[in-house]
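Visitor: Here's a structure for you.
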Amino acid sequence: MRSLLLLAAAAVLTAQTPLPDPPPPGGLRVFLCGTGSPLPDAARAGSCVAILAGAQMILLDSGPGSWRNIAVANLPAGALTAVFLTHYHSDHMGGLGEAMTQSWIAGRAQPLEVYGPAGVERVVNGFVEAYALDASYRTEHHTEQYMPSRAARAVAKTIPAGDLSPVFERSGLVVKAFAVPHEPATPAVGYRVEFGGNIVVFTGDAAASPAIAKAAAGADLLLHDALNKGLIRMAAAALGSQGRARQAKMIADTLTYHASPEEAARIAAEAKVKKLVLTHCVPPPNQPAVEQAFLRGLAGIFPGEIVIARDSMKFDLPPRP
Ligand SMILES: [Zn+2]
Ligand SMILES: [Zn+2]
């Protein structure tokens, strides 16, 4: 009985326990909290990358289900400082309500800053309104002392889409934004994160673009969107031949606004990045044959390491001199 009680208490306290394996001092941890796409995938949450840098945690995108991976990994949720949205497709922002609420419950004491290109104010204000009743219940239940109402809020920070100028600088953590092609979901941006001499670049959803190669120059880690165009064309043709014109068109339309694995590898080679991580893979690479289809021929284009992203993967980058 006593051990059961201890287990129950431990489960509640897990969220307040320091990580057993903290990130390298002065360096970065990149944790993949969501590597999926809009397609159904039991193994992958919606787009989300958590970055731990010193005492700060930031998120790049906040896709549906991604907070669950953050909580299970026991990341320091109360240290969430800011969320950076790449664009406003639902698979990249559907988890924002949970990020707001759960980081507040974990002890975040300041309003959550949410950065994004034009449109972020509309998105953030919508989430704040949708979660207003939830927030009011919690403050009433647990008191203003422990659940301060002003910290429940998120505040929108509109960033200029485009030129790699810093949009966030705090305690050595620098985030820069660059415009990426993802019409008609525009403006869309990717982010370049710098800390401790390391560089991490995340494209969000993007067709291939010279702007990405420029932003990723010398990066330690490039997290690039990838859509296997051959498989998608085959799927669209199969759906069309079954008379499913609506589904065939919708899947074929995705060809125009995502990069292929080969294009991502070419960008990684041009930018001379150290490691390429293919994420938001469409179709989901859950069978070895599909994973092979993503990797085929890439070693001849990009000589560095290539990884197919999976939820809860982490990359530790020690500080550089
Ligand atoms: Zn997406
Ligand atoms: Zn998108």
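The values are calculated or read from the model by the stated rules, or taken from the named source; none is laboratory data. Because the structure is predicted, anything quoted here is derived from the model rather than measured. Neighbour counts run over all protein chains shown; Cβ positions are idealised from the backbone, glycine included. Calculation scope for accessible area: heavy atoms of the full protein, side chains included, ligands and nucleic acids excluded. Shrake-Rupley method; radii C 1.70, N 1.55, O 1.52, S 1.80 Å.
Visitor: Do you know which residues across region 110-119 are out of contact with any Lys or Arg (no Cβ under 9 Å at 6 or more places or on another chain) and either over 16 Å from A156 (Cα atoms) or not aliphatic (A, V, I, L, M) (or both)? Working first, answer last.
Guide: Of the residues in region 110-119, the ones out of contact with any Lys or Arg (no Cβ under 9 Å at 6 or more places or on another chain) are 117-119.
Correct list: P117, G119.
Visitor: Let me ask you something else. Has region 234-253 got at least one residue that is within 16 Å of ligand 1 (Cβ to nearest atom), open to solvent by less than 10 Å² (accessible area, probe 1.4 Å) and not aromatic (F, W, Y)?
Guide: Initial filter on region 234-253 (within 16 Å of ligand 1 (Cβ to nearest atom)): 250-251, 253.
Still in the list and also open to solvent by less than 10 Å² (accessible area, probe 1.4 Å): none.
Scanning region 234-253, I find no residue that is within 16 Å of ligand 1 (Cβ to nearest atom), open to solvent by less than 10 Å² (accessible area, probe 1.4 Å) and not aromatic (F, W, Y), so the answer is no.
Visitor: Something else: Kindly provide the set of residues from region 38-73 that are open to solvent by less than 10 Å² (accessible area, probe 1.4 Å) and assigned to a helix (DSSP H, G or I), ordered by number.
Guide: Answer for region 38-73, where residues must be open to solvent by less than 10 Å² (accessible area, probe 1.4 Å) and assigned to a helix (DSSP H, G or I): S66, I70.
Rundown of residues vs (1) of a type in the set (S, T, Y); (2) more than 22 Å from the chain's Cα centre (by Cα), yes/no style:
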| position | (1), (2) |
| --- | --- |
| A211 | no, no |
| A216 | no, no |
| L222 | no, no |
| D225 | no, no |
| M250 | no, yes |
| T254 | yes, no |
| E263 | no, no |
| A269 | no, yes |
| K272 | no, yes |
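Visitor: Any chance you could count how many residues in region 174-186 are within 12 Å of ligand 2 (Cβ to nearest atom) and within 16 Å of P160 (Cβ to Cβ)?
Guide: To start, the set of residues in region 174-186 that are within 12 Å of ligand 2 (Cβ to nearest atom) comprises 180-186.
Going one step further and asking which of them are within 16 Å of P160 (Cβ to Cβ), we end up with 180, 186.
The total comes to 2.
Let's see how each residue does on (1) polar (S, T, N, Q); (2) in contact with a Pro (Cβ under 7 Å, 6 or more places away or on another chain); (3) not in a helix (DSSP H, G or I):
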| residue | (1), (2), (3) |
| --- | --- |
| A264 | no, no, no |
| I267 | no, no, no |
| T279 | yes, no, yes |
| N286 | yes, no, yes |
| A293 | no, no, no |
| A299 | no, no, no |
| R310 | no, no, yes |
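Visitor: I'm checking my understanding of the structure. Among residues of region 76-91 that are farther than 15 Å from Y191 by Cα and either open to solvent by less than 10 Å² (accessible area, probe 1.4 Å) or in contact with a strand residue (DSSP E or B) (Cβ under 6 Å, 6 or more places away or on another chain) (or both), which one is nearest to ligand 1 (Cβ to nearest atom)?
Guide: Looking at the filtered set, the residue picked out is L80.
Visitor: Considering only residues that are within 16 Å of ligand 2 (Cβ to nearest atom) and not hydrophobic (A, V, I, L, M, F, W, C), look in region 266-292 and name the one that is surrounded by the most Cβ atoms within 10 Å (Cβ to Cβ).
Guide: Among them, the one singled out is H280.
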